[in-house]
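Chemist: Next up is a structure, given as structure tokens.
Read-outs throughout are calculated quantities, based only on the coordinates presented, and are distinct from any laboratory measurement. The shown structure was predicted, so the numbers you read here are calculated from the model rather than taken from an experiment. Glycine gets a Cβ as well: all are built from the backbone with ideal geometry, and neighbour counts include every protein chain shown.
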Amino acid sequence: MPPVPDLPEAPLLPLPPQPEGVPWPTDDWPTGDLPSGAVAVVDEMFDDTDRYGTTYAVAIVQGGRLRHERYGGELPHFDRPPEPVEPATPLLSWSMAKSVLHAAVGVLVGEGRLVLDVPPGVPGWTDDRAAITLDQLLQMRDGLRWAEDYVDAGVSDVIEMLFGSGQEDVAAYAEARPLAHPPGTVFNYSSGTSNIVAATLGRVVGSGAAARGFVLDRVLHPIGMRTADPRLDAAGTFVGSSYVYATAQDWARFGTLHLRDGVWDGRRILPEGWVDHGRRVRSVDTTDGSLYGAHWWIDQLDLERGTFRASGYEGQAVAICPALDAVVVRLGKTLEPLIANLPPWRRRLFDALS
């Protein structure tokens, strides 16, 4: 078994309330100005494609106001010309969907319909996997064998699940993985694990349209995410590992919900403490030192400001900075050799906002 890395000191900074007199952006975003230094950092993201790849959208919220947004690039299509990215263009989450799934699960935990320290009752798990708890799944410490490789289709479980033999029933594909470690002992980031959680949600609220409706009606629509489009597989499971479409402004709403501790315009959407459940550091990814909570990442370059983020393939991110009362959305296409350039860029942007 690999050694367990020491967890860094990462206290949970208070989550700020909506500033007095600032309208909630359920319908329209209140706007404001952005410091010129921060605008320059945003422009760099779009202009320096050798460093960052293609950027489709950046949206910056601070103090509850949309301070800046910029769009660029084109979405490729196989059956029609490329589509220029505009404010109304829904963009794919990739693994940011995991944080949407975490929110939906939180609603059920708050209602007592799911329990964190209890196994989720996966059909077919009659061996040692039956001891895996829901919380271990959310923390990616379930112990299941899984290769989260986005390049080598020959060894990648995630490619096979999403685009190969598992795509019709993503949860069944993931649930068939054997144990590699005792549950709770090893962190292993896994899109398959998220789809096991998504199937668990479906067994509680119903699959297919019922699962999609639950995510929309209980989490996304109440905060004004009207472009949100969670996708299902052929078995009716919400593909909570990877597939939610929404505009950059709507992703900023999702970030704002979590910046406000799960409260929206006087209504508690997520149970008290649920945002903390996601952003509390539980694991260190030994491959690159990244910090993980529960279906949320924590920015190791910005621990002092408490920044945590929903993160997806090719550089999708909704970064939430409690110390600055800020949310930064960046959506685009950054290939793996350039990914390491994104965290320093986020830190410089937050420096400019401060």
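Chemist: If a/c stays under 1.5 just call it rounded; otherwise compare a/b with b/c (prolate if a/b is bigger, oblate if not). Do that for the stretch 85-175, with a ≥ b ≥ c from the square roots of the Cα gyration tensor eigenvalues.
Modeler: It comes out oblate by the Cα gyration axes.
Chemist: Additional query: Given the rule -39500 (n - 2.57) for each run of at least 4 DSSP H residues, summed and divided by the residues of the chain, what is its mean residue ellipticity at 222 nm, to the nearest 500 deg cm²/dmol?
Modeler: Roughly -8000 deg cm²/dmol at 222 nm, from the helical runs in the chain.
Chemist: Can you bin the chain into rounded, prolate or oblate? Criterion: square roots of the alpha carbon gyration tensor eigenvalues sorted a ≥ b ≥ c, rounded for a/c under 1.5, prolate for a/b above b/c, oblate for the rest.
Modeler: Rounded.
Chemist: With charges only on Cβ, +1 for K and R and -1 for D and E, what is the dipole size of the stretch 112-190 about its Cα centre, in debye, rounded to 20?
Modeler: 240
Chemist: Alpha carbon centre of the stretch 250-281 versus the stretch 77-139: separation in Å?
Modeler: Their Cα centres are 16 Å away from one another.
Chemist: Now, a different point. With a 10 Å radius around each residue's Cβ, average the other Cβ atoms per peptide and rank 334-340, 144-150, highest first.
Modeler: Per-residue Cβ counts within 10 Å, averaged per peptide and sorted highest first, yield 144-150, 334-340.
Chemist: Going toward the positive end of the dipole of the chain, with +1 on Lys and Arg Cβ and -1 on Asp and Glu Cβ, which of PRO344, PRO17, VAL58 do you reach last?
Modeler: PRO17
Chemist: What shape does the stretch 269-320 take by its C-alpha gyration tensor, where a ≥ b ≥ c are the square roots of the eigenvalues and a/c under 1.5 counts as rounded, a/b above b/c as prolate, and the rest as oblate?
Modeler: Prolate is the answer for the stretch 269-320, as a/c is 1.5 or above and a/b outweighs b/c.
Chemist: Could you tell me how many degrees, from 0 to 90 and to the nearest 10, lie between the Cα long axis of helix 97-110 and the main elongation axis, the longest principal axis, of the Cα atoms of the chain?
Modeler: Orientation of helix 97-110: about 70 degrees from the principal axis.
Chemist: Once both axes come from the Cα atoms, what is the angle between helix 248-259 and the longest principal axis of the chain, in degrees from 0 to 90, rounded to 10?
Modeler: That works out to roughly 70 degrees.
Chemist: Okay, next question. Which of the peptides 265-272, 298-305 is most tightly packed, and how do the rest follow, judged by the mean count of other Cβ atoms within 10 Å per residue?
Modeler: Going by the mean number of other Cβ atoms within 10 Å, highest first, we get 298-305, 265-272.
Chemist: Still on this structure, I have one more. Just to confirm the number: angle between the C-alpha axis of helix 342-353 and the first principal axis of the chain, 0 to 90 degrees, nearest 10?
Modeler: Long axis of 342-353 versus the principal axis of the chain: about 40 degrees.
Chemist: Each residue of the stretch 84-92 in turn: what ³J(HN,Hα) in whole Hz from Karplus with 6.51, -1.76, 1.60 and θ = phi - 60°, glycine and Pro shown as x?
Modeler: In residue order, the calculated couplings are x, 7, 10, x, 8, 7, x, 10, 6 Hz.
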